[in-house]
Amino acid sequence: MIQGRSNFVYRINKSGEAAKTEAPVFVSYNLKDQYEVTPIHVDVNIVQNDVLDLDAFRKWRPEYEHAEFMLEDGKYVCGWAIEKMSKSMFNVVNPDMIVERYGADTLRLYEMFLGPVEQSKPWDTNGIDGCHRFLRKFWNLVAASDAAGEPTPEELKSLHKLIKKVSQDIENFSYNTAISAFMICVNELSQLKCRNRIVGTTLVRLIAPFAPHMAEELWEQLGGEDSVCDSQWPEWNEQYLVENSVKLGVAFNGKTRFEMEFPADADNQTIQDTVLADERATRYIDGKQIIKVIIVPKRMVNIVCK
């Protein structure tokens, strides 16, 4: 059974002649408890993030042509429920409308991002905006890749983490976690202000199975030959994934107060001495007796005092 997200509008009940002659009035979700209402299924294709398109609703059915609405914050918020996808419940999503609004790549990416392929999950377009924004951010990052030369160590580390993760996730059909890795990598490279062409072309090859139309456009812009789908799949290099440093949370009696960065090979005594000598630690241990210092490798330092 395929499930989908249904939406509801709430019609204020009227009796007698008013029910026949007056225009129907619909009250927004968070105001409905103030009235006696009847919930009515509404076409999910005219609802965006649970907000009803009023003009489209009036055109949807002849009896709603003159409908009136009681809004909240200037908009009509619909109710929702997860139900069997059915035409009678108006929760069947027309993919053509999604493609027209967002493009085929966004639809394709969102279908993979919904969750593990082996699990049943309801179709819900409320999160599709996030995938669309990601693809735009990806485009802006890669389209600006005009810097020649070798990438920086930080760029290589972020890129090769992505290559490894996406390569393994594709083998395991874990497409949703691969897309999450893309989002993390794009954020990291954006913060690094990366414009390296090697990084850009590698990202395009990686995104091609997920967003092929955009990948082909970017591949041509970056001077790629033939189709990006015919290019060699990138391979990760473990030497770029070695951690040279590690961030540890510094806690006092179990409450984390700040973070400190240490060389990855720093021993426990060096970590302890460095933390206790930091001026930020003074306010938490001044005048107190240190009972013990607990160091959880690659995670945190907890100073127990009284």
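The values are calculated or read from the model by the stated rules, or taken from the named source; none is laboratory data. Predicted model only: the values in this text are computed from it and were never measured. Cβ sites come from the backbone with ideal geometry, for glycine too, and all protein chains shown count toward neighbours. The protein model used for the area step is the full one, side chains on, heavy atoms only, and it has no ligands, DNA or RNA in it. Shrake-Rupley method; radii C 1.70, N 1.55, O 1.52, S 1.80 Å.
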Inset, instruction - Can you give me the number of residues within segment 24-45 that are touching a helix residue (DSSP H, G or I) at 6+ places or on another chain (Cβ under 9 Å) and either charged (D, E, K, R) or open to solvent by 30 Å² or more (accessible area, probe 1.4 Å) (or both)? - result: 4
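Any idea how many residues of segment 91-115 are within 13 Å of residue 175 (Cβ to Cβ), open to solvent by 40 Å² or more (accessible area, probe 1.4 Å) and not in a helix (DSSP H, G or I)?
Residues of segment 91-115 within 13 Å of residue 175 (Cβ to Cβ): 108-115.
Filter once more, keeping what is open to solvent by 40 Å² or more (accessible area, probe 1.4 Å): 108, 111, 113-114.
With not in a helix (DSSP H, G or I) added as a condition, the list becomes 114.
Looking only at that region, the number is 1.
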Inset, instruction - Please work out which one of (1) more than 21 Å from the chain's Cα centre (by Cα); (2) outside any helix (DSSP H, G or I) is the condition residue 210 fails and give its number. - result: (1)
Legend entry - Within segment 251-288, considering residues that are closer than 30 Å to residue 162 by Cα and open to solvent by 70 Å² or more (accessible area, probe 1.4 Å), the one modelled with the lowest pLDDT: 265
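Results for (1) over 13 Å from residue 302 (Cα atoms); (2) touching a Phe, Trp or Tyr at 6+ places or on another chain (Cβ under 9 Å); (3) among the hydrophobic types (A, V, I, L, M, F, W, C), shown as yes or no for each residue.
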residue	(1), (2), (3)
241	yes, no, yes
248	no, yes, yes
261	yes, no, no
264	yes, no, yes
270	yes, yes, no
279	yes, no, no
285	no, yes, yes
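In the list 124, 96, 50, which residue meets the criterion of being charged (D, E, K, R), in contact with a strand residue (DSSP E or B) (Cβ under 7 Å, 6 or more places away or on another chain) and over 26 Å from residue 13 (Cα atoms)?
Values: 96 fails: in contact with a strand residue (DSSP E or B) (Cβ under 7 Å, 6 or more places away or on another chain); 50 fails: over 26 Å from residue 13 (Cα atoms).
It is 124.
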Inset, instruction - From the list 203, 156, pick out the single residue that is hydrophobic (A, V, I, L, M, F, W, C), in a helix (DSSP H, G or I), more than 21 Å from residue 109 (Cα to Cα) and open to solvent by less than 30 Å² (accessible area, probe 1.4 Å). - result: 156
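I'd like the full set of residues that are over 14 Å from residue 257 (Cα atoms) and over 39 Å from the mean Cα position of the chain (by Cα), limited to segment 276-304.
277, 286, 287, 288, 289, 290, 291, 292 - these are the residues of segment 276-304 that are over 14 Å from residue 257 (Cα atoms) and over 39 Å from the mean Cα position of the chain (by Cα).
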Legend entry - Of all residues making up segment 60-85, the number that are over 15 Å from residue 46 (Cα atoms), of a type outside the set (A, V, I, L, M, F, W, C) and touching a residue at least 24 places away in the same chain (Cβ under 8 Å): 6
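Does segment 170-180 contain any residue that is surrounded by 13 or more Cβ atoms within 10 Å (Cβ to Cβ) and over 18 Å from the mean Cα position of the chain (by Cα)? Full working, then the answer.
To start, the set of residues in segment 170-180 that are surrounded by 13 or more Cβ atoms within 10 Å (Cβ to Cβ) comprises 170, 174-180.
Those left that are additionally over 18 Å from the mean Cα position of the chain (by Cα): 170.
Yes, segment 170-180 contains at least one residue that is surrounded by 13 or more Cβ atoms within 10 Å (Cβ to Cβ) and over 18 Å from the mean Cα position of the chain (by Cα).
Could you say which residue among 59, 87 is closer than 14 Å to residue 4 by Cα and over 23 Å from the mean Cα position of the chain (by Cα)?
Working: 59 fails: closer than 14 Å to residue 4 by Cα.
So the residue among 59, 87 that is closer than 14 Å to residue 4 by Cα and over 23 Å from the mean Cα position of the chain (by Cα) is 87.
Residues checked against (1) basic (Lys, Arg); (2) in contact with a strand residue (DSSP E or B) (Cβ under 7 Å, 6 or more places away or on another chain):
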position	(1), (2)
151	no, yes
155	no, yes
160	no, no
165	yes, no
170	no, no
176	no, no
180	no, no
185	no, no
Legend entry - Cβ pairs under 7 Å, 6+ apart, first in segment 118-142 and open to solvent by less than 60 Å² (accessible area, probe 1.4 Å), second outside any helix (DSSP H, G or I) and aliphatic (A, V, I, L, M): 122/82; 123/85; 123/93; 125/93; 135/211
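Name the single residue that is least open to solvent (accessible area, probe 1.4 Å) among those in segment 208-250 being among the aromatic types (Phe, Trp, Tyr) and within 26 Å of residue 262 (Cα to Cα).
Restricting attention to segment 208-250, the residues satisfying the condition of being among the aromatic types (Phe, Trp, Tyr) are 210, 219, 233, 236, 240.
From what's left, within 26 Å of residue 262 (Cα to Cα): 236, 240.
On the way: 236: 94, 240: 72 Å².
Top of the filtered list is 240.
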Legend entry - Residues that are without any contact (Cβ under 8 Å) to a residue 12 or more places away in the chain and in contact with a helix residue (DSSP H, G or I) (Cβ under 7 Å, 6 or more places away or on another chain), drawn from segment 223-277: 227
